[in-house]
Amino acid sequence: FIPVDRKVALFNPVLPILAEEQVIMEAINENPIVIICGETGSGKTTQVPQFLYEAGYSSSAGAIGITEPRRVAAVSMSQRVAKEMNLSKRVVSYQIRYEGNVTDETQIKFMTDGVLLKEIQKDFLLSKYKVVIIDEAHERSMYTDILIGLLSRIVPLREKKGLPLKLIIMSATLRVEDFTDNNKLFSVTPPVIQVDARQFPVTVHFNKKTPLDDYSGECFRKVCKIHRMLPSGGILVFLTGQAEVHSLCRRLRKAFPFQKNNTAGDDDKGESVEEMRKFKKSRKQKKVMALPKIDLDNYSVVPVDEGDEDRDAETDDDMAGSDIDLDLGDGDSEEDEKSDSSLPLYVLPLYSLLAPEKQAKVFRPPPPGTRLCVVATNVAETSLTIPGIKYVVDCGKVKKRFYDKITGVSSFRITWISQASANQRAGRAGRTEPGHCYRLYSSAVFMDFEKFSAPEITKRPVEDLILQMKALNIEKVINFPFPTPPPTEALAAAEELLIALGALKEPPMTGRLKQQLAAKLSCPISPLGRIMATFPVAPRYAKMLALSRQHDCLPYTITIVSAMTVRELFEELDRPAVSEEETAELKGKKARFLQIQRIWAGQGSMQKLGDLMVMLGAVGACEYAGCTRKFCEENGLRYKAMLEIRRLRGQLTTAVNSVCTDAGLYVDPKMKPPTEAQATYLRQIVLAGLGDHVARRVQAEELLDDKWKNAYKTALLDDPVFIHPSSVLFKQLPEFVVYQEIVETTKLYMKGVSAVEPE
Ligand code: ADP
Ligand code: MG
C-alpha cells in the first residue's frame, strides 16, 4: 500500500482574486452595479469585503452588507473575515434569522438574504449601507432574486438623493445572462468581472454502470479503494442527507478505525491566518513601494486556467507515467469491507444542521498520519471550500424540496443534480493540486442532466414573498423586475390565499369581475396585512399571531408558531440501522418517546390540539428543565431545534411587543399549560390561519377502495391523506382535522395535525 503522509495545504496564498483587486475596485468606483464571477474557492466571499473596507467603503457614514442564502455561510464567513483582518466580532459581525452579534461598531455585516429583505421594509433606501454585496447569486434562492430586483430600483433612487449605493453581485458559475440580458432589471448592463479561476485540472472518471439505488454503498466502496490504492490527499464525498452522511461515516470509521489519542489536528489554524496577514501586508507594500517583484504566483506547478481546459479529458500530465490505475473501475471486491487499522481515515460529517463547532473541524488539518475524508451534503458544493481535497466522490444526487404548484403539498425527493452542479462538485478536487472526481454514474446519464437547476422562485409557493412585497407598496407584483418571474398561477394562488387570510383588501365587487381583478394581482395590503408583515413568519402563522391577543393566548401561539417553523423538532428515528442492536435500540426509543409525547398531549380540549399540544408540551417541559442537551436526548428532542425555538420565541415576543406596545410579553421559562378554555381558543386560532387545510375522515360507509381506509379527504387533493403513526391523534382519528402541511413520503401524510371538533 501507499503510505499516507500528512499533507495539508495549510494556506494557499494564490487566492486568484487577490490579483484582481485593482480591476475590481476600479470597476466598483466607476459603476454603481458590478457583477463578479469566479469559481468557488477563488476568494470572493472572504476577500471582496476586505478590499472594500481597505478602500474606505465602511466609514462611519455607512457599512458594508453581504447577504448569503445559507445561514452556515453567514456565520462562518463573518468569523473567517474577522480573523483574517484581525478585527473584533464587534466590527465584522453577522445577523441570521434567530441571532447575531451586530453592534454599533459593526462595519462589515454578513447576513442571510431574508434579513436584508426585512431591513428594506423598515428603510427602503437602506441608508445605513454604502455597499451591498449579494453573494452566491448563482444559487438563485428566492430572497436573493427579490433583493436583486429591489436593489435594481434602490440604486438609482440613492443616486438621485446624492447618497450613492454600490451593488455587487457575486456568482460562482458563468450563467449570469438572467441578470445581464434583462433590460427590465438593469437598463444599463453592469460590467461583469471574471476572476481567473486558477483551477488545477481535475480528471473526471465516470462509472460504466449507474447503480440503481445503492449509491451510498457504491460511495463506500469507492472511498475504500481510493484510500487503499491512491496517493495522499483529502477525499470529499457528496451524499444527499444527514442520515446518509452519518451512516456512511459510521461504516468508514469501522473500516478504517482512527484512535483519538492525538490532538495535533485539533489546534486552531491561527498560524495560517497569521501568514495570510503577513502575505497581505507584503502585497500592500509591494504595491506601494514598487519594489523589484518576486513573483508570488510562481509555483512549480503552473495552474491551468479554467475554460482552457477540457475538464472531462482523461489525460493528466501530472500522473502520466505513473503505474497506478486511477480509474479504479466500478466493481466491488470483498476485501474492501474488512477493517484495517493500519490506514487511519479521519472521517468528518458536514451538513447544514451540524453544530457550528463540529462544522469548523473540516477547516483544520487532519491529525498526522491520517487522511481526511469529509462526507457532506450539498453545503460543500459552493458555500464552503474545504482545504486539501484531491478526490471527490459524487453520487450525482441531491435532496430537494418539491412543491405542488396548485396545492402547495411538499415532499423531499432525491433527484439527479444539474450538469452545472456536477461540474462544481468536480471542481472541489482541484483547489490545491490536480485532482480526481469519481462520478458514480455513467457519462450517458450525465448527458441527460439538465444544464442548470431552475431558480427557486419558479418552484415554490410565494405567499410570504407577495405579502412582503405588498408591504413595500409594490401592488402590481406582476410588473416587478424579477430576474426570472414566478409562474402566473403561483402568483394568483398567493394573492388568493392572502385575500382569504384578510391580508389584502378584497376587491369590492363579486363574481367574475372580482376574480378578474384578483387575477390582475393588484390588491393593496390591508391594515391586518401590515401587522402580519411585521412578523418574521409565513402569512398563515402571522395571522394566528395577529389574533392571539385575545384571552392571553399570545405566549402559546408564539410557542406553537416557533415550533412549527423550526425544522425537525424530534430526533429522527426512521433512519436505516447498521446493525441488529441498533434496530432494537431504535425500536425501544420510539416506544419510549411516544409514551412521553402522550403525556405532553394532555387531556380534554388540550388533547384535541393534537400535535400542536405535543409541541407546546415539549417546549414547556424542555424549558422548565433548563433546555439542556441531556433533557433533549432523554426525551427524543433535537437539542439544536429546541435552542432555535427558544431564540425564535424571544424574537417573536419582541416583534409582538413592538406591535402591541402594552402587551408586556416576556418568554416565561416556567410557562404553565393552557387552560381548557385557552386550548379551545387556540384551536380556533390555528383554524383561522390554516382554514384551507381542513380534512375530513372518510367514513366507513363511503369506503370505495381499500386505499381510503383510515384516510382523510382534503379540499385540495383527489388522493387520500393520512395521520402519521407517530402522531398522538393516530389512535383517535377525529372526524375533522386541520393540518400544517402535507408531506409525501411513502404516503401523503399530514403534519402538525389538530382536531376541529365540536366540544
Ligand atoms: P469563494 O467565495 O470565491 O468561494 P472563499 O472566499 O469562500 O471563496 O474562500 C477562499 C479560501 O479561503 C478557500 O480556499 C477556503 O478554503 C478558505 N477558507 C474560507 N473559510 C475558511 C475557514 N473558516 N477556515 C479556513 N479556510 C477558510
Ligand atoms: Mg463564496
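The values are calculated or read from the model by the stated rules, or taken from the named source; none is laboratory data. From a predicted model like this one, the values you see are computed outputs, not experimental measurements. Here the Cβ is made from the backbone with ideal geometry for all residues, glycine too, and neighbour counts use every protein chain on show.
A few points about this structure:
- Within the range 461-478, the set of residues being surrounded by fewer than 19 Cβ atoms within 10 Å (Cβ to Cβ), part of a loop (DSSP other than H, G, I, E, B) and touching a residue at least 12 places away in the same chain (Cβ under 8 Å) comprises Leu472, Asn473, Glu475, Lys476.
- For the range 89-134, the set of residues classified as crowded, with 18+ Cβ neighbours inside 10 Å, of a type in the set (D, E, K, R) and farther than 28 Å from Ile645 by Cα consists of Lys130 only.
- Each residue in the range 82-91 was checked for being in a helix (DSSP H, G or I), touching a helix residue (DSSP H, G or I) at 6+ places or on another chain (Cβ under 7 Å) and either within 10 Å of ligand 1 (Cβ to nearest atom) or under 17 Å from Pro356 (Cα atoms) (or both), and 2 of them qualify.
Residue-wise test of (1) within 14 Å of ligand 1 (Cβ to nearest atom); (2) at pLDDT below 95; (3) among the β-branched types (Val, Ile, Thr); (4) part of a loop (DSSP other than H, G, I, E, B).
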residue	(1), (2), (3), (4)
Pro365	yes, yes, no, yes
Lys399	no, yes, no, no
Phe402	no, yes, no, no
Gly408	no, yes, no, yes
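- Candidate set from the range 12-33 (those that are within 16 Å of ligand 2 (Cβ to nearest atom) and either of a type in the set (Gly, Ala, Ser) or not in a loop (DSSP other than H, G, I, E, B) (or both)); member that is farthest from Gly65 (Cα to Cα): Pro16
So that you can scan it fast, the table gives a plain yes or no per residue for (1) touching a residue at least 12 places away in the same chain (Cβ under 8 Å); (2) surrounded by fewer than 23 Cβ atoms within 10 Å (Cβ to Cβ); (3) farther than 28 Å from Arg413 by Cα; (4) polar (S, T, N, Q):
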site	(1), (2), (3), (4)
Lys225	yes, yes, yes, no
Gly233	yes, yes, yes, no
Phe238	yes, no, no, no
His246	yes, yes, no, no
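- Contacts under 8 angstrom Cβ, first residue in the range 38-50 being farther than 14 Å from Ile193 by Cα and in contact (Cβ under 8 Å) with a residue 12 or more places away in the chain, partner part of a helix (DSSP H, G or I) and within 8 Å of ligand 2 (Cβ to nearest atom), 6 or more apart: Thr40/Thr382; Thr45/Ala73; Thr45/Met77; Thr46/Met77
- Near pairs, Cβ below 8 angstrom, 6+ apart or cross-chain, from the range 10-36 (within 16 Å of ligand 1 (Cβ to nearest atom) and charged (D, E, K, R)) to any residue that is assigned to a helix (DSSP H, G or I) and modelled with pLDDT of 95 or more: Glu21/Gln47; Glu21/Phe51
- When Val537 is tested against (1) within 26 Å of Ala663 (Cβ to Cβ); (2) in a helix (DSSP H, G or I); (3) of a type outside the set (Asp, Glu), only condition (2) is not met.
- Sole exception among (1) surrounded by fewer than 21 Cβ atoms within 10 Å (Cβ to Cβ); (2) touching a His at 6+ places or on another chain (Cβ under 6 Å) for Thr203, by number: (1)
- Residue that is surrounded by the fewest Cβ atoms within 10 Å (Cβ to Cβ) [pool: residues in the range 34-47 that are under 22 Å from Pro164 (Cα atoms) and within 15 Å of ligand 2 (Cβ to nearest atom)]: Ile35
- Ser658 meets each of the listed conditions (1) in a helix (DSSP H, G or I); (2) in contact (Cβ under 8 Å) with a residue 24 or more places away in the chain; (3) crowded, with 17+ Cβ neighbours inside 10 Å apart from (3).
- Matching residues, the range 614-648, being in contact with a Phe, Trp or Tyr (Cβ under 7 Å, 6 or more places away or on another chain) and of a type in the set (A, V, I, L, M, F, W, C): Val614, Leu616, Ala618, Ala621, Cys622, Ala625, Cys632, Leu637, Leu648
- Residues satisfying the stated conditions in the range 48-60, i.e. within 16 Å of ligand 2 (Cβ to nearest atom) and either surrounded by 22 or more Cβ atoms within 10 Å (Cβ to Cβ) or aliphatic (A, V, I, L, M) (or both): Val48, Pro49, Leu52
- Answer residue from the range 62-81, given it is more than 15 Å from the chain's Cα centre (by Cα) and more than 12 Å from ligand 1 (Cβ to nearest atom) and is nearest to Leu354 (Cα to Cα) among those: Gly65
- All positions within the range 706-759 that are over 24 Å from Leu569 (Cβ atoms) and assigned to a strand (DSSP E or B): Lys713, Phe736
- Residues (touching a residue at least 60 places away in the same chain (Cβ under 8 Å) and assigned to a loop (DSSP other than H, G, I, E, B)) located in the range 51-81: Tyr57, Ser58, Ser59, Ala61, Gly62, Pro69, Arg70
- Criterion: more than 27 Å from Met142 (Cβ to Cβ) and either crowded, with 21+ Cβ neighbours inside 10 Å or within 16 Å of ligand 1 (Cβ to nearest atom) (or both) - qualifying residue of Ala429, Ala376: Ala429
- Residues that are among the charged types (D, E, K, R) and either part of a helix (DSSP H, G or I) or within 16 Å of ligand 1 (Cβ to nearest atom) (or both) within the range 123-145 comprise Asp135, Glu136, Glu139, Asp145, listed in sequence order.
Condition check ((1) modelled with pLDDT of 85 or more; (2) part of a helix (DSSP H, G or I)) across all residues:
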{"site": "Ala641", "(1), (2)": "yes, yes"}
{"site": "Gly650", "(1), (2)": "yes, yes"}
{"site": "Thr654", "(1), (2)": "yes, yes"}
{"site": "Gly664", "(1), (2)": "no, no"}
{"site": "Pro673", "(1), (2)": "yes, no"}
{"site": "Ala679", "(1), (2)": "yes, yes"}
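- All positions within the range 379-394 that are part of a loop (DSSP other than H, G, I, E, B) and within 14 Å of ligand 2 (Cβ to nearest atom): Ser383, Leu384, Thr385, Ile386
- Residues of the range 511-534 satisfying the condition of being at pLDDT below 85 and assigned to a helix (DSSP H, G or I): Gly511, Arg512, Leu513, Lys514, Gln515, Gln516, Leu517, Ala518, Ala519, Thr534
- Matching residues, the range 678-690, being more than 23 Å from Tyr624 (Cα to Cα) and hydrophobic (A, V, I, L, M, F, W, C): Ile685, Val686, Leu687, Ala688, Leu690
- Positions within the range 346-379 being out of contact with any helix residue (DSSP H, G or I) (no Cβ under 6 Å at 6 or more places or on another chain) and of a type in the set (S, T, N, Q), in sequence order: Gln359, Thr370, Thr377, Asn378
- Looking only at the range 158-178, residues that are crowded, with 22+ Cβ neighbours inside 10 Å and either assigned to a loop (DSSP other than H, G, I, E, B) or away from ligand 1 (no atom under 16 Å from the Cβ) (or both) come to 3 in all.
- Arg428 vs. criteria assigned to a helix (DSSP H, G or I) and not aromatic (Phe, Trp, Tyr): yes
- Selection of helices (runs of 4 or more DSSP H) fully inside the range 550-637 by the criterion of at least 1 residues being among the aromatic types (Phe, Trp, Tyr) and surrounded by fewer than 22 Cβ atoms within 10 Å (Cβ to Cβ) returns 580-600, 611-624, 629-635.
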